[in-house]
Amino acid sequence: MSLILRPDVCATDTPDGMVLLDEVTGRYWQLNGTAALVLRTLLTGVEPADAARALRAAHPRITAERADDDTASITGALLAARLVVPA
């Protein structure tokens with residue numbers, strides 16, 4: 001499932017990740033570099049498996065299982081926070 005940001009969520013890159021602002025609630029969400037990489041990849045329209053592969057490419061020392069788990073966790077957290085929706 002590829003994702004898109006909700007229309008009322010703004011994203012800004014930072015030196016070590018990304019910050020998301022939910023303009024409805026006024027809440028900020030800070031993403032570390034790993035979460036930002038996963039989100040950026042998913043926002044290109046690819047599936048989570050592709051985001052996990054991008055994560056492994058960026059961090060070759062992690063296992064495929066860890067990349068899959070991290071991608072699923074990040075995706076689930078973003079969906080639960082209602083920052084993103086399926087594309």
How many of the residues making up region 72-87 are exposed (fewer than 14 other Cβ atoms within 10 Å of the Cβ) and either among the aromatic types (Phe, Trp, Tyr) or part of a helix (DSSP H, G or I) (or both)?
3
Evaluate region 62-79: report whether one residue or more is among the basic types (Lys, Arg) and touching a residue at least 12 places away in the same chain (Cβ under 8 Å).
no
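Where a number appears in this text, it was derived from the coordinates with a stated rule and is not lab data. The structure displayed is predicted, hence computed values, not measured ones. For neighbour counting, all protein chains shown are included, and Cβ atoms are generated from backbone atoms with ideal geometry for every residue, glycine included.
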